[in-house]
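Reviewing the structure listed below.
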Amino acid sequence: MYNATKDLMLPTSLIGSLPRPSWFTKRLGGQTFLEAMVDTIYREQYTDAVSVYLREQETAGLDICTDGDAHYDPDVGGQSWTSYPLFHMEGFDRKNPQPAIMKTGGVGFPMGHILHDYLEARVMPQIIGPIGRGDLQYTSMWKTAQRLTDKPVKFGTVTPELLAAAVDDRYYKDPVERIHALSDAINEELNELADAGCPIVQLEEPQIHMIPARGKVFGKLDMKEMVDVFNNTVKDLRDKTEVWCHTCWGNPSQQRMFKEVQSYGPSLEYLAQVDADVITFESCSSGHIDIEAIGQHVTDKKVAIGVIDHHSLQVEKPEDIAETIREALKHIPAERLVLCSDCGMGREGMSRRHARYKMISLVLGTNIVRKELGLPEAECLAADGQYSLIVQED
């Protein structure tokens with residue numbers, strides 16, 4: 001269901017996370033969101049942080065906002081993206097978390113590599129019983145953000161296969177059974193979120209495109225079977241809301257997870273089969289090598305092309321972003337093209353100021369092309385020269 005992007009041409013958005021303000025010192029930890037919001041200091045810091053995130057997106061001129069993933073704690077490498085659901089769902093030994101080995105093939109970083117810290121920070125609860133959605137409380141988080149802005153707020157969460165790979169399991173005998181249990185529980189939570197009116201629900205990082213590089217998920221599930229997992233996780237959602245499928249190649253601590261640039265090419269046939277309205281692609285960091293192939297394979301959905309590199313502190317030039325959009329329009333019709341960041345910018349390694357100016361460049365670059373096509377330009381208050389503190393001489 002296209003609702004948030006229905007009447008927008010070349011809409012702009014972020015994937016999700018933004019760098020945490022330095023004054024946001026309270027942690028959610030194992031508390032439920034609603035319990036934490038009873039605490040005066042946490043409530044003030046959380047709502048102030050979400051307000052800042054939304055205002056910076058509004059002044060940049062983005063069409064679709066996020067809450068910056070404000071409920072995630074400032075863990076090493078953005079680990080809270082994975083750990084938050086595990087510490088708030090049923091079936092987990094939340095009070096006795098243990099170091100956990102990442103159970104996806106080909107991921108290993110030796111001592112001396114920055115991402116070794118990320119692996120050491122994988123302290124997760126074990127599965128000890130049937131998995132249920134527990135107290136994720138995504139609906140309350142979305143409402144807290146949406147009531148602060150007139151713009152649509154997108155809400156995202158990690159996919160079940162990544163959660164399944166993050167934990168030790170003392171209950172399910174088969175990891176495939178574990179994935180399906182997580183999928184069913186997340187689907188229940190997301191349907192409640194959609195029923196509450198959330199305009200966009202985003203599933204983050206299905207492993208479909210990773211399989212050609214790493215092998216089958218748990219050595220068992222191929223790309224077609226992972227499409228089925230995704231579609232089960234979003235079952236019934238498209239009747240209620242707009243569904244986004246976010247894909248990227250990983251960015252803990254703003255680091256690359258692969259030595260070589262990866263291509264979506266081998267997986268595009270299968271990504272086109274996911275039950276989503278919009279598919280996002282990490283494109284900027286790879287030099288946009290897959291745009292033509294994406295346009296050839298994904299023909300019945302909207303395509304969100306990343307034009308902001310989440311790994312780099314270099315702020316992209318609007319002119320370069322505009323050139324990328326022109327190239328993308330050769331292969332993807334304007335009515336199906338969305339412009340976004342490659343991935344989240346809040347996974348530990350980027351400052352708020354860098355993220356802010358990347359957002360601004362995203363909008364300014366898109367406005368260049370909008371003007372060329374005779375489309376309405378977005379107001380970018382953050383780039384309005386009349387408010388510069390530098391007085392220009394005649």
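Annotations
- Where only C-alpha atoms are counted, convex hull volume of the chain per residue in Å³: 140
- Tilt relative to the chain, helix 318-329 - C-alpha long axis, 0 to 90 degrees, to 10: 70
- Mean-position separation - Cα centroids, the range 144-218 and the range 323-394, in angstrom: 29
- Isolated Cys in the chain, by beta carbon distance under 4.7 Å: C65, C198, C245, C284, C340, C380
- Gyration tensor (Cα) of the range 288-394, equivalent ellipsoid semi-axes in angstrom: 27, 19, 10
- Reachable lysines, given that their alpha-carbon falls under 23 Å from the alpha-carbon of K330 and they are not under 8 places away in the same chain: K6, K301, K302, K317, K371
- For the chain, the share of DSSP beta bridges that are antiparallel, to the nearest 5, is 15%.
- Normalising the average separation of contacting C-alpha pairs (under 8 angstrom, six or more residues apart) by the number of residues puts the relative contact order of the chain at 21 percent.
- Along the chain, longest interval not containing exposed GluC sites (Glu not before Pro), exposed being DSSP loop plus at most 15 other Cβ atoms within 10 Å: 1-259
- Across the range 223-235, coupling constants 3J(HN,Hα) worked out from phi with the 6.51/-1.76/1.60 Karplus curve, θ = phi - 60°, read 4, 4, 5, 6, 4, 4, 5, 4, 5, 5, 5, 9, 3 Hz, and Gly and Pro carry x.
- For the range 198-276, trypsin sites (Lys or Arg not before Pro) meeting the loop criterion (DSSP other than H, G, I, E, B) and having at most 13 other Cβ atoms within 10 Å: K220, K259.
- In plain terms, the bigger the Kirkwood radius, the slower the diffusion; for the range 48-150, with that radius from Cα pairs, at 25 °C and 0.890 mPa s, Stokes-Einstein puts D at 153 µm²/s.
- GNM remark for the chain: springs join alpha carbons under 10 Å apart, and the peak mean-square fluctuation among I332, I321, I128 falls on I128.
- Gaussian network model of the chain, Cα within-10 Å springs - most flexible of D309, D67, D169: D169
Just so you know, all these numbers are worked out from the coordinates, no wet-lab data involved. Keep in mind that this is a model prediction, so the values were computed, not measured. Using ideal geometry, Cβ is built from the backbone for each residue, glycine included, and neighbour counts are taken over all protein chains shown.
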